[in-house]
Amino acid sequence: MDIKNTFHVYKTLTEMLSDRGYSISKDIDYEEFIIMYDENNYNITDDDDKIHVAFYKDTKTFVKKDLETMVYNIKKAFENPDINIIIILKDKPNAIIIKELMNDLYKNVEIFLFKNLTFNITKHDDMPKCIPLSESEINEISEKYNTKLSKFPKMLSTDPIARYYGIKSGGMFKIIRTSPSSGKYITYRHVR
């Protein structure tokens, strides 16, 4: 992981946490990040200690024991068994890790790949505006169109946008697209 790409990932993560509603007041420029990088201290925690982002910096493959140790150490350091944790890996996790994440012990743990965070997908020119809806907004939309959620177009919970916003199964997005021929139009996607 070179420093320039790591800085881009760091910036994307702070934007992602802010878009999820976490308070990230510390804005780091590249020169400050270089110092943090040299000190091997560029993990991210929101202002309220509700979420912690940890980079897996070891060169060996990330295994089940590494997952257990990281999660235990973070929960212990923050004295919060319910802290949300995002782990950034260089390489794709193996099947054992993916299966382990399904355990209730890891319900607040997400894993992202370093390469998928080098730019913010929500700022891409071809990406329509995606707005996560609250529970009450979802109910309003369902009533407005007199339609069950299962009848709306689907979006997988593994979709990069759903993962970016941390929206799990049962959530919904309002998607605003613009086109020169038809102008602005709105669709909804139900996350499964």
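The values are calculated or read from the model by the stated rules, or taken from the named source; none is laboratory data. From a predicted model like this one, the values you see are computed outputs, not experimental measurements. Here the Cβ positions follow ideal geometry from the backbone for every residue, glycine too, while neighbour counts run over all protein chains shown.
General remarks:
- Sub-7 Å Cβ pairs linking a first residue in the range 171-192 that is polar (S, T, N, Q) to a second residue that is surrounded by fewer than 11 Cβ atoms within 10 Å (Cβ to Cβ), at least 6 apart or interchain, are THR178/LYS184; THR187/PRO153, ordered by first then second residue.
- Here PHE152 fulfils each of the conditions (1) under 16 Å from the mean Cα position of the chain (by Cα); (2) crowded, with 17+ Cβ neighbours inside 10 Å apart from (1).
- Residue count, the range 142-175 (criterion: among the polar types (S, T, N, Q) and within 18 Å of GLU110 (Cα to Cα)): 3
- Scanning the range 43-63 for residues that are under 28 Å from ILE98 (Cβ atoms), in contact with a Ser or Thr (Cβ under 7 Å, 6 or more places away or on another chain) and part of a loop (DSSP other than H, G, I, E, B) returns a single hit, ASP46.
- The range 29-44, subset touching a residue at least 24 places away in the same chain (Cβ under 8 Å) and within 22 Å of the chain's Cα centre (by Cα), residue nearest to ILE87 (Cα to Cα): ILE44
- ASP82 being within 20 Å of THR12 (Cα to Cα), modelled with pLDDT under 95 and loosely packed, with under 12 Cβ neighbours inside 10 Å: no
- Hits in the range 119-143 - residues which are touching a residue at least 60 places away in the same chain (Cβ under 8 Å) and closer than 17 Å to ILE167 by Cβ: ASN120, THR122
- The residues of the range 64-110 that are of a type in the set (Val, Ile, Thr), touching a Phe, Trp or Tyr at 6+ places or on another chain (Cβ under 9 Å) and part of a helix (DSSP H, G or I), listed by number, are VAL71, ILE97.
- Selection status of ASN116, in contact (Cβ under 8 Å) with a residue 40 or more places away in the chain and either outside any loop (DSSP other than H, G, I, E, B) or over 17 Å from ASP19 (Cα atoms) (or both): yes
- Failed item, numbered, when PHE152 is tested on (1) out of contact with any Phe, Trp or Tyr (no Cβ under 6 Å at 6 or more places or on another chain); (2) outside the structural domain of VAL9 (by TED's automatic domain parsing); (3) without any contact (Cβ under 8 Å) to a residue 40 or more places away in the chain: (1)
- Those residues of the range 34-49 which are surrounded by fewer than 18 Cβ atoms within 10 Å (Cβ to Cβ), in contact with a Phe, Trp or Tyr (Cβ under 7 Å, 6 or more places away or on another chain) and either at pLDDT 95 or above or farther than 23 Å from ASP91 by Cα (or both), in sequence order: ASP49
- Each residue in the range 54-69 was checked for being aliphatic (A, V, I, L, M) and at pLDDT below 95, and 1 of them qualify.
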